[in-house]
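Asks: I'd like to ask you about the structure that follows.
The values are calculated or read from the model by the stated rules, or taken from the named source; none is laboratory data. Predicted model, so just to flag it, every value in this text is computed and none were measured. FYI the Cβ positions are ideal-geometry reconstructions off the backbone, even for glycines, and counts take in every protein chain you see. Heavy atoms of the whole protein, side chains included, go into the accessibility calculation; ligands, DNA and RNA do not. Shrake-Rupley method; radii C 1.70, N 1.55, O 1.52, S 1.80 Å.
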Amino acid sequence: PWCVRGTCFMDYMAETYPDTWIGVAVHNNDPMVYAPYDAAISSIIPGFQGYPNVTTDRTAGDSDPSDLEAAYNRRINAISPATIDIVDFSWNPDTRMVAFDLRSEFVADVSNELRFGVIITEDSLWGTTAQWNQANAYAGGANGPMCGYESMPSSIPAAQMHYDHVARTILDTPFGTPESVGWPVTAGSIRTFSYSIEIPSSWNFEKLHFIGFLLDYDTKRILNANDVISNYVGVSELERDLALKVFPN
């Protein structure tokens with residue numbers, strides 16, 4: 001019932017920092033759960049106490065959704081040892097296959113084990129059964145204001161709920177792809193790794209976000225991330241894929 005707090009603050013961040021903040025909502029015990037991510041969440045969020053908890057770049061220092069903006073300001077100027085880009089992106093609507101590369105150029109030496117990883121999220125998910133209803137601890141205003149949820153019932157009907165930032169999958173594990181970067185890495189080097197995935201028919205391609213990240217596997221911190229597709233295979237893909245970055249809905 002407290003998870004509308006997460007919805008409220010994540011939507012605020014997405015609207016306030018649309019070009020530099022990337023949100024991922026990991027669900028639990030509902031139709032949107034992706035079990036491997038959910039099972040790993042206590043290892044991903046330092047000091048995890050239960051949903052809704054948050055972390056920024058998988059670092060300590062924030063836990064409540066209201067901490068997201070302070071955490072953003074704390075991390076936005078952190079210096080990463082490498083860039084990260086999503087390049088050579090292709091989408092075949094007939095086979096529903098997506099393929100792309102992650103590419104990092106390093107500006108510093110790194111001796112820790114590094115890994116690439118990919119998170120795919122989807123916006124505007126909704127359902128028609130009671131399983132998609134949203135419990136609401138803020139109904140009636142007893143727990144204060146919360147983005148208008150105080151004016152909604154304690155069980156919000158599914159027809160009134162659309163869920164954004166929903167984690168659909170993470171490649172290849174919640175802690176990245178083993179041996180995708182290798183180590184040690186020297187300044188000036190470039191590392192790439194190729195990914196491909198068949199998009200399930202139940203996912204709306206136009207609502208998907210492809211998020212590439214660079215993980216320090218020794219510390220489990222995310223060093224850099226990007227959800228901007230910067231290099232397309234052809235014009236036809238460009239025309240289809242522009243919808244990936246449209247936000248808000």
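Asks: Which one is modelled with the lowest pLDDT among residues in the range 229-245 that are in contact with an Asp or Glu (Cβ under 8 Å, 6 or more places away or on another chain) and part of a loop (DSSP other than H, G, I, E, B)?
Replies: Only one residue fits best here, namely Val233.
Asks: Considering only residues of the range 145-160 that are surrounded by fewer than 17 Cβ atoms within 10 Å (Cβ to Cβ) and under 24 Å from the mean Cα position of the chain (by Cα), which is nearest to Met32 (Cα to Cα)?
Replies: Looking at the filtered set, the residue picked out is Gln160.
Asks: Right, something else. Tally the residues that are of a type in the set (A, V, I, L, M) and in a loop (DSSP other than H, G, I, E, B), restricting the search to the range 22-51.
Replies: Narrowing the range 22-51 to residues of a type in the set (A, V, I, L, M): 22, 24-26, 32-33, 35, 39-41, 44-45.
From the residues that got through so far, the ones that are in a loop (DSSP other than H, G, I, E, B) too are 22, 24, 26, 32-33, 45.
Number satisfying all stated conditions: 6.
Asks: Is at least one residue of the range 4-21 touching a strand residue (DSSP E or B) at 6+ places or on another chain (Cβ under 8 Å) and assigned to a loop (DSSP other than H, G, I, E, B)?
Replies: Residues of the range 4-21 touching a strand residue (DSSP E or B) at 6+ places or on another chain (Cβ under 8 Å): 4, 6-7, 10.
Checking the rest, the ones that are also assigned to a loop (DSSP other than H, G, I, E, B) come to none.
Within the range 4-21, none of the residues are touching a strand residue (DSSP E or B) at 6+ places or on another chain (Cβ under 8 Å) and assigned to a loop (DSSP other than H, G, I, E, B).
Asks: Hey, could you check the range 193-213 for residues that are in contact with a Ser or Thr (Cβ under 6 Å, 6 or more places away or on another chain) and part of a strand (DSSP E or B) and say which is surrounded by the fewest Cβ atoms within 10 Å (Cβ to Cβ)?
Replies: So the first thing to find is which residues in the range 193-213 are in contact with a Ser or Thr (Cβ under 6 Å, 6 or more places away or on another chain), and the list is 193, 207, 209.
Subset that is part of a strand (DSSP E or B): 193, 209.
Numbers: Phe193: 20, His209: 22.
Looking at the filtered set, the residue picked out is Phe193.
Asks: Still on this structure: Mind checking whether some residue in the range 14-22 is in contact (Cβ under 8 Å) with a residue 12 or more places away in the chain and within 23 Å of Asp172 (Cα to Cα)?
Replies: If we filter the range 14-22 for residues that are in contact (Cβ under 8 Å) with a residue 12 or more places away in the chain, which is where we start, we get 14-18, 20-22.
Next, from what is left, pick out any that are within 23 Å of Asp172 (Cα to Cα): 21-22.
Within the range 14-22, one or more residues are in contact (Cβ under 8 Å) with a residue 12 or more places away in the chain and within 23 Å of Asp172 (Cα to Cα).
Asks: Of all residues being of a type in the set (Asp, Glu) and surrounded by fewer than 19 Cβ atoms within 10 Å (Cβ to Cβ) in the range 96-131, which is farthest from Gly23 (Cα to Cα)? Just the residue, please. Don't jump to the end; show me each part of the working.
Replies: Quick first cut of the range 96-131, residues of a type in the set (Asp, Glu) only: 101, 105, 109, 113, 122-123.
Okay, now just the ones that are also surrounded by fewer than 19 Cβ atoms within 10 Å (Cβ to Cβ), so 101, 105, 109, 113.
Numbers: Asp101: 21, Glu105: 24, Asp109: 29, Glu113: 25 Å.
Ranking the qualifying residues of the range 96-131, first place goes to Asp109.
Asks: Residues in the range 195-206: is at least one closer than 15 Å to Ala82 by Cα and at pLDDT 95 or above? Steps first, please.
Replies: Our first condition is that a residue be closer than 15 Å to Ala82 by Cα; within the range 195-206, this holds for none.
Scanning the range 195-206, I find no residue that is closer than 15 Å to Ala82 by Cα and at pLDDT 95 or above, so the answer is no.
Asks: State all residues of the range 46-61 that are more than 14 Å from Gly23 (Cβ to Cβ) and either in contact with a Leu (Cβ under 7 Å, 6 or more places away or on another chain) or open to solvent by 50 Å² or more (accessible area, probe 1.4 Å) (or both); if no residue qualifies, say none.
Replies: Answer for the range 46-61, where residues must be more than 14 Å from Gly23 (Cβ to Cβ) and either in contact with a Leu (Cβ under 7 Å, 6 or more places away or on another chain) or open to solvent by 50 Å² or more (accessible area, probe 1.4 Å) (or both): Pro46, Gly47, Phe48, Gln49, Tyr51, Ala60, Gly61.
Asks: Taking the conditions exactly as written (β-branched (Val, Ile, Thr) and either touching a Phe, Trp or Tyr at 6+ places or on another chain (Cβ under 6 Å) or open to solvent by less than 60 Å² (accessible area, probe 1.4 Å) (or both)), does Thr20 satisfy them or not? Don't jump to the end; show me each part of the working.
Replies: Numbers: β-branched (Val, Ile, Thr): yes; either touching a Phe, Trp or Tyr at 6+ places or on another chain (Cβ under 6 Å) or open to solvent by less than 60 Å² (accessible area, probe 1.4 Å) (or both): no.
No: the conditions fail for Thr20.
Asks: Also, quick follow-up: Looking for something buried (at least 16 other Cβ atoms within 10 Å of the Cβ), over 27 Å from Gly144 (Cβ atoms) and at pLDDT 95 or above - is there at least one such residue anywhere in the range 29-37?
Replies: Among the residues of the range 29-37, at least one is buried (at least 16 other Cβ atoms within 10 Å of the Cβ), over 27 Å from Gly144 (Cβ atoms) and at pLDDT 95 or above, which makes the answer yes.
Asks: Something else: Does the range 73-91 include one or more residues that are at pLDDT below 95 and in contact with a Ser or Thr (Cβ under 6 Å, 6 or more places away or on another chain)?
Replies: Checked the range 73-91: at least one residue is at pLDDT below 95 and in contact with a Ser or Thr (Cβ under 6 Å, 6 or more places away or on another chain).
Asks: So Asp88 clears everything in (1) free of Cβ contacts under 8 Å to residues at least 60 places away in the same chain; (2) out of contact with any helix residue (DSSP H, G or I) (no Cβ under 9 Å at 6 or more places or on another chain); (3) outside any helix (DSSP H, G or I) except one condition, right? Which one?
Replies: (1)
Asks: Can you tell me which of (1) free of Cβ contacts under 8 Å to residues at least 40 places away in the same chain; (2) among the small types (Gly, Ala, Ser); (3) within 21 Å of Tyr12 (Cα to Cα) is the one Ser124 doesn't meet?
Replies: (1)
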